[in-house]
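Q: Below you will find the structure I want to go over with you.
The values are calculated or read from the model by the stated rules, or taken from the named source; none is laboratory data. The structure displayed is predicted, hence computed values, not measured ones. Every residue, glycine among them, receives a Cβ derived from its backbone with ideal geometry; neighbour counts consider all protein chains shown. Note: accessible area is taken over every heavy atom of the protein model, side chains too, but ligands, DNA and RNA are not part of it. Shrake-Rupley method; radii C 1.70, N 1.55, O 1.52, S 1.80 Å.
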Amino acid sequence: MQNAQSKTFNIDVHHVTRVEGHGRIRVNVRDNVVEDVKLCITEANRFFENFVKGMRPEDVPWIVSRICGICCVGHQLAATKTVEDAMGIVPSAQTILLRKLLTESQFLQSHVLHVYFLAVPDFVGVPSVLPLVKTHPDVVLRALRLKKLANDYTAVMGGRVLHPMANTLKGWRKLPSKKAMEEIRDRLIAAVPDLLETIAIVKTLKIPPYERETEYVSLKHPDEYALYDGDVYSSDTKSSVPVNQYRAVTNEFTVAHSTTKWSKWHRDSYFAGALARVNNNFDQLRPEAKNVAAELGFKAPCYNPYMNNVAQVIEIIHCAYNSIAMLEQALNMGLVEEDLTFTAKAGEGFGSCEVPRGILFHNYTFDANGRCSGGNAIIPTSQNVNNIEQDMKAFVPKMLPVMSKEELTLHMEMLLRAYDPCISCSVHMLDVEFTE
Amino acid sequence: MKPKVAFFDFASCEGCQLAILNCEDILLDILGLVELVEFREALSEKAPRYDVAFIEGSIHRDEDIERIKDIRARSTFLVALGACACMGNVQARSNFVAPAENYKYVYGEEARNRVQIDEEYWPLWGHTRVRPIDKVVKVDFYLRGCPIVPGEFLHLVKSLLHGTAPHTPPNAVCVECKKNENECVYDRGETCMGPITWGGCNAVCVNNGYVCDGCRGVLPHANIPAHKTLMLEKGINDADIRSRYRLFCSAEPAAKGA
Ligand code: SF4
Ligand code: SF4
Ligand code: SF4
């Protein structure tokens, strides 16, 4: 540990690893004063917003799922809701139930991947999950089992793990079979011991004691823990606005050092993601998830961004138990083929759902021929980057007296990874660069 | 010695790398046979040389060109991983519009002008054209699809471990579709790219009630005029035909002028 001597250094982590997409962290310290902290998003632009022009309504959700592989289900569903809004389509109760199942399968897959593959190595102090294959084989095998279960769940519901094709406007092109759904239900029930072991490992993780209170933004729904649907809720105002006012929420702006746009609502920045959702909607979690929160020492509201990983585990438990109940419901109601025809027309639609990394907004317009005439997608990471940079700006001066350059670098990478940023879909994320 | 294997990504959704992590059943076996030296999504390490480099994503900027050339120079075999790397994929649709127009639409005119003239950050914003990898460097093997098919990835890895070349026959998706005894979507009045698209996916989209949108690219000897005639005969108009061709395959030479 370094102390009183004068510190002048630059950190430049040119490609932050174990995050999805490319980003860079740059820090300048001169004579113990932090001159600059920047989070640079270095992804190449793909221009989805513009190239959806000309597409048929049903093609839009299918194509925009390619914004992100990890959140492909969420992008597809947010876009499906948006296009339905524009076309005046109201989906059936069966369709909504199937979409919720698809949503929860994706939360399980993404959270397991993030907690085990990206976050645990940091806390254990190894550079990746690979050394754990030798030192902690039981942990790795459990991670693979849980991930496989989540993937098979998505494939049963959607036809394929990545970019599923079964969901479309109004409903399902091909319904999941009763037998396949029963198998997933039974495997989820059988996975409970694995899930409880997940809690045990998270209990051993040393979470840095850093707190910064900020605005927490997520969906909120009157009747349930909001993942698939709801209004946009702020912890600052303790109230919601409808999704069609998303621009007033995100207030996007541009900075030269990042190809993603940045967001802020009631203050300089806000937090979206598992921590925001658990903070905002704690009461609506399933009792099993609340018990796990208590066991892990999580109390809402929680202002430690590193605790996002713990919030993810709480959501894993919620989704697992909720999925078992919803699969039961789907099996009892007996799925029926639905009419998927509609007439394309002019209009504008707004849609939002939660994806593992936070709240996601889509917005499309259609011309008189029913062809897409433009779009907008605001992904969670582009809402979060500003808050991550604000966290870093607060963290570096606070920790500078007690941490070496190396420790600072590691903690900032951990901080960034705790957010589980999805840089490739922010288009547009991570390297730490301390400049000299 | 175990072959050194690395993964790199350019503009993509990272779904193809994820598809590999999704081979849970045999992931540890593969890791036992190769030495994984770079995989940014899961590893923090970096290495100087690779026996096999898997490249995901398409090339958009000058700085991407430099990076891919450097990777090529350090690799024995280079594999294009997925439709983004093989053919530019859906994002190649933005080639129909000037980059400046795209920036203006996404960021607004004021922001476009402000960020693009910032000298320090110019490389971030210097968008040129969406290109598949082989427009910039030599590609040894292609793993097609959006996303890739994990079985084809395994076949490629096994072949390379044995010192042989993987065999991926140029059959149309139609062949697999008919083996699966699907009702042809043309008989439902919809369009399908299956007759001219590289197979290997087992017609997974048609099996699940959808159509083939050609995410694996156009076959080298595809009869495009015959395919268009078929679509016209089924009552599909020119605009809809163009729309199908431009969904995934807009950068494919065979689909140009569609
Ligand atoms: S080919 Fe498709 S799945 Fe693979 S990286 Fe590109 S968009 Fe993602
Ligand atoms: S549905 Fe498509 S792939 Fe299948 S037989 Fe018909 S044209 Fe071929
Ligand atoms: S059926 Fe067509 S669109 Fe679907 S995976 Fe195969 S090639 Fe791609």
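Q: Under 7 Å by Cβ, and 6 or more places apart or on different chains, what pairs join a residue from segment B:181-199 that is over 22 Å from residue B:168 (Cα atoms) and more than 8 Å from ligand 2 (Cβ to nearest atom) with one that is assigned to a helix (DSSP H, G or I) and of a type in the set (Lys, Arg)?
A: That search, which allows pairs on different chains as well, returns B:191/B:244.
Q: Evaluate the following for residue A:122: is it within 15 Å of residue A:202 (Cβ to Cβ) and open to solvent by 10 Å² or more (accessible area, probe 1.4 Å)?
A: Judged against the criteria, residue A:122 is a match.
Q: Please pick out the residue among A:112, A:156, A:161 that is among the aliphatic types (A, V, I, L, M) and outside any helix (DSSP H, G or I).
A: Only one candidate qualifies: A:161.
Q: Looking at this structure, is residue A:85 within 12 Å of another protein chain (Cβ to nearest Cβ), open to solvent by 10 Å² or more (accessible area, probe 1.4 Å) and in a helix (DSSP H, G or I)?
A: Taking the combined requirement at face value, the residue does not satisfy it.
Q: Separate question: Do we have any residue at all in segment B:208-218 that's more than 13 Å from ligand 2 (Cβ to nearest atom) and closer than 17 Å to residue B:248 by Cβ?
A: Yes, some residue in segment B:208-218 is more than 13 Å from ligand 2 (Cβ to nearest atom) and closer than 17 Å to residue B:248 by Cβ.
Q: Quick check, is residue B:204 more than 22 Å from residue A:48 (Cα to Cα) and either in contact with a strand residue (DSSP E or B) (Cβ under 8 Å, 6 or more places away or on another chain) or within 14 Å of chain A (Cβ to nearest Cβ) (or both)?
A: Criteria met by residue B:204.
Q: Would you check if there is a residue in segment B:238-253 being within 11 Å of ligand 2 (Cβ to nearest atom), more than 11 Å from chain A (Cβ to nearest Cβ) and open to solvent by less than 20 Å² (accessible area, probe 1.4 Å)?
A: Within segment B:238-253, none of the residues are within 11 Å of ligand 2 (Cβ to nearest atom), more than 11 Å from chain A (Cβ to nearest Cβ) and open to solvent by less than 20 Å² (accessible area, probe 1.4 Å).
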